[in-house]
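As structure tokens, the structure follows; a few thoughts come after it.
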Amino acid sequence: MAFILTVVFADAGNFDQVLTNLAVNARDAMPEGGVLTIRTRNVELDARESMHWPEAKPGRYVCLCISDTGLGMDAETKEHLFEPFFTTKGPGKGTGLGLSVVYGIVQAHEGWIDVATELGKGTIFTIYIPAHEGKIEENFKSMSQNLMTSCKVRANAFCSLKMKRPSEK
């Protein structure tokens, strides 16, 4: 049975940036190669479940999960992850803005990010975006800018990419 993801109102360009930033960070966290997996799913949180995250409210959400089999992070790194200009990369290898941009985009869409990570095992970023409630046409009429996009994507879908360094065959 193919499930369709619930509709969300999201700026497609912004979410291209989210995916790009998270994929680049995953690549950099896997210096010997590894697996980057992108999954989507529908989620409904009740009052008890939504207490796990300060930003959460009971309701329906679409989740975008980006995981890697990279180096993972320690607790100190995780604590500063979304701060502007925070980076673990060497000089000239990153601005420290990628994850703060991701955070800002997700917040602007009234969502939040859950991060699970373990040193030597990898990292999972789970992004929650509220599902759209109501008629789509009414919202399009009331929007001041028509930047929003929705499309049908199969829920519970995933894509895994095996990443190799150029020196690998």
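The values are calculated or read from the model by the stated rules, or taken from the named source; none is laboratory data. Remember, it's a predicted structure, so these values are computed and weren't measured experimentally. Every residue, glycine as well, gets a Cβ built from its backbone with ideal geometry; the counts of neighbours run over all protein chains shown. Side chains are part of the model used for accessible areas, which takes the heavy atoms of the whole protein and leaves out ligands, DNA and RNA. Shrake-Rupley method; radii C 1.70, N 1.55, O 1.52, S 1.80 Å.
Observations on the model:
- Some residue of region 130-151 being part of a loop (DSSP other than H, G, I, E, B), surrounded by 12 or more Cβ atoms within 10 Å (Cβ to Cβ) and at pLDDT 75 or above: yes
- Residues that are within 15 Å of the chain's Cα centre (by Cα) and either under 13 Å from Ala116 (Cβ atoms) or not β-branched (Val, Ile, Thr) (or both) within region 38-54 comprise Arg39, Arg41, Asn42, listed in sequence order.
- Odd one out for Thr123 among (1) assigned to a strand (DSSP E or B); (2) open to solvent by 50 Å² or more (accessible area, probe 1.4 Å); (3) closer than 15 Å to Asn25 by Cα: (2)
- Residues of region 56-76 that turn out to be under 15 Å from the mean Cα position of the chain (by Cα) and surrounded by fewer than 16 Cβ atoms within 10 Å (Cβ to Cβ), as a count: 0
- For region 2-92, the helices (runs of 4 or more DSSP H) that sit wholly inside it and include 3 or more residues that are under 21 Å from Ile129 (Cα atoms) are 12-28, 47-50.
- Any chance Pro58 is modelled with pLDDT under 90 and more than 17 Å from Arg39 (Cα to Cα): no
- Residue list for region 94-111, filter: touching a helix residue (DSSP H, G or I) at 6+ places or on another chain (Cβ under 8 Å) and either buried (at least 18 other Cβ atoms within 10 Å of the Cβ) or within 21 Å of Gly34 (Cβ to Cβ) (or both): Gly94, Gly98, Leu99, Val102, Ile105, Val106, His109
- Odd one out for Leu161, checked against (1) modelled with pLDDT of 75 or more; (2) part of a strand (DSSP E or B); (3) surrounded by fewer than 15 Cβ atoms within 10 Å (Cβ to Cβ): (1)
- Count - residues of region 58-97 that are farther than 22 Å from Lys121 by Cβ and among the aromatic types (Phe, Trp, Tyr): 2
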